[in-house]
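Input: a single structure, listed below in structure tokens.
The values are calculated or read from the model by the stated rules, or taken from the named source; none is laboratory data. Treat the numbers as computed from the prediction; the structure is a model and nothing was measured. Neighbour counts are summed over all protein chains in view; Cβ atoms, including those assigned to glycine, are modelled from backbone coordinates with ideal geometry. These accessible areas exclude ligands, DNA and RNA; they are computed on the full protein's heavy atoms, side chains included. Shrake-Rupley method; radii C 1.70, N 1.55, O 1.52, S 1.80 Å.
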Amino acid sequence: MIEQTILAGMIHNEGYVRTVLPFLKEDYFEDQNDRFLYTTIKSYIDEYNGLPTKTALKIAYRDWE
């Protein structure tokens, strides 16, 4: 449950994600979907230095399935 709260903050709040991202690890997300979303968001931020759009997340998820 806490994982979804963290992920929601990572999607909607840039200040939050910049604060918590240095402390998060992929291992904290046990659910396969949560782990995928975390790694996708982190990769997007590392590459583009900004939050991913919902469209970018949908495309990444579609390609993952």
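Of the listed residues R35, R62, the order by accessible area with a 1.4 Å probe, largest first, is R62, R35.
Top to bottom by accessible area (1.4 Å), largest first, where do E47, E30 land? Let's see the in-between values first.
Working: E47 130, E30 160 Å².
Largest to smallest exposure gives the sequence E30, E47.
Given a Förster radius of 30 Å and the C-beta distance between Y16 and I59 as r, what FRET efficiency does 1/(1 + (r/R0)^6) yield to the nearest 0.05?
Values: r = 23 Å, r/R0 = 0.78.
The formula returns an efficiency of 0.80 here.
Here the contact order of the chain, divided by its residue count and restricted to Cα pairs under 8 Å and six or more residues apart, works out to 30 percent.
For segment 3-65, taking Cα atoms only, Rg and Dmax work out to 10.8, 30 Å respectively. Available extension along the chain between N49 and E3 is 14.3 nm, counting 0.36 nm per residue and deducting the alpha carbon span.
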